[in-house]
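Chemist: Supplied in structure tokens, the structure appears directly below.
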Amino acid sequence: MPGGNGAPVAELRDVTRVYHMGAAEVRALDGFSFTFRQGEYWSIMGTSGSGKSTLLNILGCIDRPSSGSYELCGHEIGELADDELSELRCRYLGFIFQSFNLIPQLTVLENIMLPLFYQDEPPAEGRERAETLAARLGLGERLRHRPMELSGGQQQRVAIARSLVNDPAMILADEATGNLDSKTAEEILDLLDELHGEGKTILFVTHEAIVGRRAQRILRLADGRIAGVEEGMKDGR
Amino acid sequence: MKSGALLRTVRLGVSSLLLHKLRSLLTTLGVLFGVSSVIAMLAIGEGASAEAQEQIRQLGSQNVILRSVKPPDDLVSSQQSRISSYGLTEGDLERVRGTFPWVRRVVPVRQLQQEVRFEERVLSPRVLATVPSYLDVTGRVLFEGRFLSEQDERETANVCVLGYEVARHLFPLRSPIGQRVKIGSDYFTVVGTIVPRVPLGSDAPAPGSEVTGEVLIPLSTGWRWFGKLQVKIRSGSRDMEEVALHEIIAEVDRPEHVEAAAAAAREMLTRSHKKRDYEVVVPLELLLRAQETKRIFNIVLGSIAGISLLVGGIGIMNVMLATVTERTREIGIRRALGAKRRHIVVQFLVETVVLSVGGGLVGILLGLAIPLAVEHWAEMRTIVTPTAPMLAFGISAGIGVLFGLYPAWRAANMDPVEALRHE
Ligand SMILES: Nc1ncnc2c1ncn2[C@@H]1O[C@H](COP(=O)(O)OP(=O)(O)O)[C@@H](O)[C@H]1O
Ligand SMILES: [Mg+2]
């Protein structure tokens with residue numbers, strides 16, 4: 001296995017996720033075992049229906065494995081209550097979605113600060129941190145705007161700022177460039193490179209080969225199993 | 001959640017509601033009208049009942065009133081004799097005076113059918129022959145001059161006290177004190193006038209007179225000049241009536257004794273009268289009955305109000321369920337970002353409470369305005385008790401919580417993955 005020197009962030013052992021469709025059974029994940037480590041930048045690739053989103057949902061603690069175990073930053077999530085899962089998402093995870101998923105009635109700043117709102121003890125300097133992030137992502141002038149007033153690229157930047165505001169252990173992105181034109185997608189990918197350079201752990205789900213190659217490493221999925229692990233362009237450049 | 005967080009949640013709720021202004025407005029209407037009608041109806045009911053109770057209280061809540069009533073079967077005897085003789089007697093008066101427990105003062109009243117004239121003005125008020133304690137016992141208030149005195153009674157003086165309306169009618173431009181009016185065929189000197197009371201249902205104007213009012217003369221004088229027989233002209237024929245006393249008002253020492261005194265009076269009259277030519281009126285009983293009526297009225301009102309508020313609440317719940325469905329995606333996002341179930345519950349609950357309390361507050365204002373309008377246009381008395389708006393406010397907040405719980409619970413129990421996939 002390449003790398004393998006950072007501390008484990010997410011450890012999956014023999015994870016299976018079964019969906020029941022009437023009598024039929026769909027194994028979206030089938031005996032999946034893998035460890036994602038601190039500072040790694042993975043793209044998760046595979047055809048449609050190969051189980052990428054299912055994997056990401058489980059990693060994101062918004063779904064649970066049907067069997068197997070998942071440990072996030074030392075917390076075995078199998079036994080945790082719903083509230084405790086929320087707690088873990090607040091503390092350790094950042095989400096970036098394909099369709100941005102900003103909340104329309106909130107301003108840019110409020111959207112960025114939203115994860116802090118749900119923390120049991122919101123950091124006192126949360127607002128400052130959000131403003132700093134916004135400024136860094138070129139949104140400094142837009143703090144009072146509503147998401148609808150921004151371009152797609154800007155909206156995704158807001159979402160990235162939001163995913164960073166709680167200083168997460170792992171950033172999960174599902175087709176984060178899927179709704180953007182290629183130039184804007186490029187900008188977002190540059191941004192992710194930059195974050196990786198700063199030591200962030202990033203898991204990036206995509207079905208586009210050019211996008212996938214931008215990551216440090218590529219994890220290929222097929223039928224809910226690992227089909228291969230490759231080096232990305234990034235280290236080989 | 002800390003107070004700052006709650007404040008933010010409220011602000012957020014308001015801004016979510018403002019995204020759909022018309023819908024939010026329409027949603028609140030149910031609670032708005034429910035609350036305003038509760039307050040308005042309570043105010044009107046309270047006013048009407050206060051008026052009724054005041055009228056009864058004027059009769060004296062510590063009094064037991066014995067009255068002569070023409071018995072229904074008296075028609076036959078009057079056809080034969082043309083003189084009907086019925087009612088309370090002096091014997092009754094003596095018995096009330098002498099043997100009744102707890103009775104403090106006893107006031108006999110005779111009512112005379114006489115015209116009252118001054119110069120060319122004529123009236124047919126109720127001419128009451130009674131004793132000086134009448135004023136006190138019935139709680140009437142002197143307006144001008146003095147009331148009948150013991151001395152008038154002893155001397156069978158030709159003096160009278162005019163009711164305010166009678167005085168105004170006979171002496172529109174000057175004070176009646178010291179003037180001489182003609183009652184029947186004799187002249188009486190006016191010594192005082194009394195303040196009118198709130199008109200009672202039983203105070204129909206005397207025949208031939210549009211004025212409700214009375215003239216009071218000493219009892220002894222009444223006996224001396226007007227005897228026992230009274231002539232009544234009814235549908236062309238002359239009827240003679242022989243009634244000794246029209247009313248005996250017995251004032252009881254304490255309210256607790258009113259009931260026992262009334263029972264004793266009824267028993268005494270049953271024994272001494274063969275015909276049912278009397279009635280016993282107990283203002284306190286009327287008062288209790290009026291209060292009972294009011295209680296029933298309040299129950300009916302409460303049910304109507306409850307139903308209308310229920311309908312309002314269901315309306316809010318309906319809209320909130322739609323809102324929850326519409327905002328499924330938002331719920332998914334919030335859950336993914338770390339919102340616990342209770343955060344979602346609070347968020348939607350706050351929105352429902354804001355809606356219902358907003359509607360409730362406007363409803364209170366409207367509910368306070370309606371009684372004012374009713375007082376102005378319908379000239380009815382209304383009373384807004386301070387508890388009514390407070391109650392209405394509490395109820396509308398309660399409705400928000402009650403009918404918000406289910407939609408909020410639905411929102412909180414959505415599966416985050418499903419919710420995020422929702423279009
Ligand atoms: N909620 C669901 N109910 C039933 N089947 C599902 C559900 N979600 C995913 N699946 C199935 O699981 C498999 C993996 O889906 P998914 O993880 O969304 O794939 P990908 O994101 O790689 O396209 C697919 O066959 C899909 O049909
Ligand atoms: Mg997918």
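The values are calculated or read from the model by the stated rules, or taken from the named source; none is laboratory data. Only a predicted model underlies this, so the values are computations on that prediction, with no experimental measurement involved. Quick reminder, even Gly has a Cβ in these numbers, built from the backbone with ideal geometry, and neighbours come from all protein chains shown. These area figures cover heavy atoms from the full protein model, side chains too; ligands, DNA and RNA do not enter into them. Shrake-Rupley method; radii C 1.70, N 1.55, O 1.52, S 1.80 Å.
Chemist: Using heavy-atom solvent-accessible surface (probe 1.4 Å) with all chains present, what is the largest-first order of B:TRP409, A:TRP42, B:TRP377?
Modeler: In descending accessible area the options line up as B:TRP377, B:TRP409, A:TRP42.
Chemist: Can you classify the range A:1-95 as rounded, prolate or oblate using the Cα gyration tensor, where a ≥ b ≥ c are the square roots of its eigenvalues, rounded means a/c under 1.5, and otherwise it's prolate if a/b beats b/c and oblate if not?
Modeler: Here the range A:1-95 falls in the oblate category.
Chemist: List every residue whose amide H lies under 5 Å from the amide H of B:GLU144, counting only residues 5 or more places away in sequence or on a different chain, with H placed 1.01 Å from N in the peptide plane.
Modeler: Correct list: B:THR193.
Chemist: Compute for chains B and A the buried accessible surface, both sides summed, probe 1.4 Å, and express it in Å² to the nearest 100.
Modeler: 2300
Chemist: Something else about it: How large, in Å, is chain B by the Kirkwood hydrodynamic radius built from its alpha-carbon pairs?
Modeler: 26.8
Chemist: May I ask you to evaluate 6.51 cos²θ - 1.76 cosθ + 1.60, the Karplus curve with θ = phi - 60°, for each residue of the range A:151-163 and list the ³J(HN,Hα) values in order in whole Hz, giving x for glycine and proline?
Modeler: 6, x, x, 5, 4, 5, 5, 4, 5, 5, 4, 4, 6
Chemist: Looking at the square roots a ≥ b ≥ c of the eigenvalues of the Cα gyration tensor of the range B:303-345, which shape do they give, rounded for a/c under 1.5, prolate if a/b is larger than b/c, or oblate?
Modeler: Judged from the Cα gyration tensor, the range B:303-345 comes out oblate (a/c at least 1.5, b/c at or above a/b).
Chemist: With an 8 Å Cα cut-off and a minimum separation of 6 or more residues, compute the relative contact order for chain B in percent.
Modeler: Worked out over chain B, it gives 29 percent.
Chemist: Taking amide H positions as placed 1.01 Å from N in the peptide plane, with prolines and chain starts having none, which residues 5 or more places from B:LEU245, or on another chain, fall under 5 Å of its amide H?
Modeler: Answer set, sorted by chain and number: B:LEU88.
Chemist: Each residue of the range A:90-98 in order: what ³J(HN,Hα) in whole Hz does its phi give by Karplus 6.51 cos²θ - 1.76 cosθ + 1.60, θ = phi - 60°, with x for Gly and Pro?
Modeler: Each residue of the range A:90-98 in turn: 4, 7, 10, 10, x, 10, 10, 10, 4 Hz.
Chemist: How much of the accessible area of chain B, probe 1.4 Å, is carbon plus sulfur, in whole percent?
Modeler: That share works out to 61 percent.
Chemist: Residue by residue through the range A:184-196, what is 3J(HN,Hα) from phi via Karplus (6.51 cos²θ - 1.76 cosθ + 1.60, θ = phi - 60°)? Round to whole Hz and write x for glycine and proline.
Modeler: Taking θ as phi minus 60°, the curve returns 5, 4, 4, 4, 5, 5, 4, 4, 5, 3, 4, 5, 4 Hz for the range A:184-196.
Chemist: Across the residues of A:161-170, average count of Cβ atoms on other protein chains within 10 Å?
Modeler: Taking the mean over all residues of the peptide, I get 1.
Chemist: To the nearest 0.05, how large is the calculated FRET efficiency for B:ASP253 and B:GLU90 if R₀ is 22 Å and r is the Cβ-Cβ distance?
Modeler: That pair, B:ASP253 with B:GLU90, gives E of 0.40.
Chemist: Do you know which residues of the range B:332-369 lose at least 10 square angstrom of accessible area in the protein assembly compared with their chain on its own, with a 1.4 angstrom probe?
Modeler: B:ILE333, B:ARG334, B:ARG335, B:ALA336, B:LEU337, B:GLY338, B:ALA339, B:LYS340, B:ARG341, B:ARG342, B:HIS343
Chemist: Let me ask you something else. Ignoring ligands, DNA and RNA, what percent of the 1.4 Å accessible area of chain A is carbon and sulfur?
Modeler: Exposed carbon and sulfur together represent 48 percent of the surface.
Chemist: Sticking with this one: Amide H to amide H under 5 Å from B:SER85: which residues, 5+ apart in sequence or cross-chain, H placed 1.01 Å off N in plane?
Modeler: Amide H neighbours of B:SER85: B:GLU242.
Chemist: Sticking with this structure for a sec: Determine how large the accessible area of A:HIS207 is when every protein chain is in place; take a 1.4 Å probe and give Å² rounded to the nearest 10.
Modeler: About 110 Å², ignoring ligands and nucleic acids.
Chemist: Work out the length of the dipole vector of the protein assembly as shown about its Cα centre, built from +1 on the beta-carbon of each Lys and Arg and -1 on the beta-carbon of each Asp and Glu, and round it to the nearest 20 debye.
Modeler: 1320
Chemist: Quick one: ranking B:ASP415, A:ASP193 by accessible area, 1.4 Å probe, largest first, what do you get?
Modeler: Solvent-accessible surface, decreasing: B:ASP415, A:ASP193.
Chemist: Taking a quarter of the surface of the convex hull around the Cα atoms of the range B:1-137, what do you get in nm²?
Modeler: Dividing the Cα hull surface by four gives the mean projection, 22.5 nm².
Chemist: Rule-of-thumb check for chain A: C-alpha Rg over 2.2 N^0.38 Å?
Modeler: 1.00
Chemist: Please check chain B for the longest run free of trypsin sites (Lys or Arg not before Pro) that are loop-located per DSSP (anything but H, G, I, E, B) and have at most 10 other Cβ atoms within 10 Å.
Modeler: The segment B:3-173 is the longest one with no such site.
Chemist: What figure, in Å² to the nearest 10, do you get for the accessible area of A:LEU221 with a 1.4 Å probe and non-protein molecules left out?
Modeler: Only protein atoms counted, so the area is about 10 Å².
Chemist: Once you average over the residues of B:6-15, how many Cβ atoms of partner chains fall within 10 Å of each Cβ?
Modeler: The per-residue average across the peptide is 1.
Chemist: Could I ask something else about it? Could you give the length gained by full extension between B:LEU7 and B:VAL195, i.e. 0.36 nm per residue of separation minus their alpha carbon distance, to one decimal place?
Modeler: Full-extension gain reported as 61.8 nm.
Chemist: Between A:ASN166, A:ASN179, A:ASN111, where does the largest GNM mean-square fluctuation fall for chain A, given springs only between Cα atoms within less than 10 Å?
Modeler: Judging by the Gaussian network model, the answer is A:ASN179.
Chemist: Next up: Rounded to the nearest 500, what is chain B's calculated 222 nm mean residue ellipticity when only DSSP H runs of at least 4 contribute -39500 (n - 2.57) each, over all residues?
Modeler: -18500 deg cm²/dmol
Chemist: So, one more: In the range A:154-237, which GluC sites (Glu not before Pro) fall in coil by DSSP and have 16 or fewer other Cβ atoms within 10 Å?
Modeler: A:GLU198, A:GLU208
Chemist: With the crude spin-label approximation of a point 7 Å out along Cα→Cβ, what separation in nm comes out for B:SER220 versus A:SER69?
Modeler: Here the answer is 11.6 nm between the modelled labels.
Chemist: For chain A, what is the calculated [θ] at 222 nm in deg cm²/dmol (nearest 500), taking -39500 (n - 2.57) for each run of four or more DSSP H residues and dividing by its residue count?
Modeler: -9500 deg cm²/dmol
Chemist: I need the GluC sites (Glu not before Pro) found in the range B:340-396, filtered to DSSP loop residues with at most 13 other beta carbons within 10 Å of theirs.
Modeler: B:GLU379
Chemist: Would you mind working out the magnitude of the charge dipole of the range A:1-152 relative to its Cα centre, with +1 at each Lys and Arg C-beta and -1 at each Asp and Glu C-beta, to the nearest 20 Debye?
Modeler: For this selection, approximately 600 debye.
Chemist: Further question: Report the relative contact order of chain A, percent, no decimals, based on alpha-carbon pairs under 8 angstrom and at least 6 residues apart.
Modeler: Across chain A, relative contact order equals 28 percent.
Chemist: Ranked from the most accessible area to the least, with a 1.4 Å probe and all protein chains present, what is the order of B:SER68, A:SER50, A:SER66?
Modeler: Accessible-area ranking of B:SER68, A:SER50, A:SER66, largest first: A:SER66, B:SER68, A:SER50.
Chemist: Over the protein assembly as shown, give the accessible area per residue in Å² for a 1.4 Å probe, as an integer.
Modeler: 47
Chemist: If you don't mind, there's one more thing I want to ask. DSSP H helices in chain B with Cα extent of 18 Å or more along the helix axis and mean Kyte-Doolittle hydropathy at least -1.0?
Modeler: B:3-18, B:21-58, B:258-272, B:283-326, B:341-377, B:387-412
Chemist: If the viscosity is 1.306 mPa s and the temperature 10 °C, what Stokes-Einstein diffusion coefficient in µm²/s follows for the protein assembly as shown when Rh is the Kirkwood radius over Cα pairs?
Modeler: Answer, rounded: 48 µm²/s.
Chemist: Considering only protein heavy atoms, what is the solvent-accessible area of A:GLU25 at a probe of 1.4 Å, reported in Å² to the nearest 10?
Modeler: Accessible area, nearest 10 Å²: 110 Å².
Chemist: Kindly state, to the nearest 0.05, the FRET efficiency for B:TYR406 paired with A:THR132, given R0 = 56 Å and r defined as their beta-carbon distance.
Modeler: 0.85
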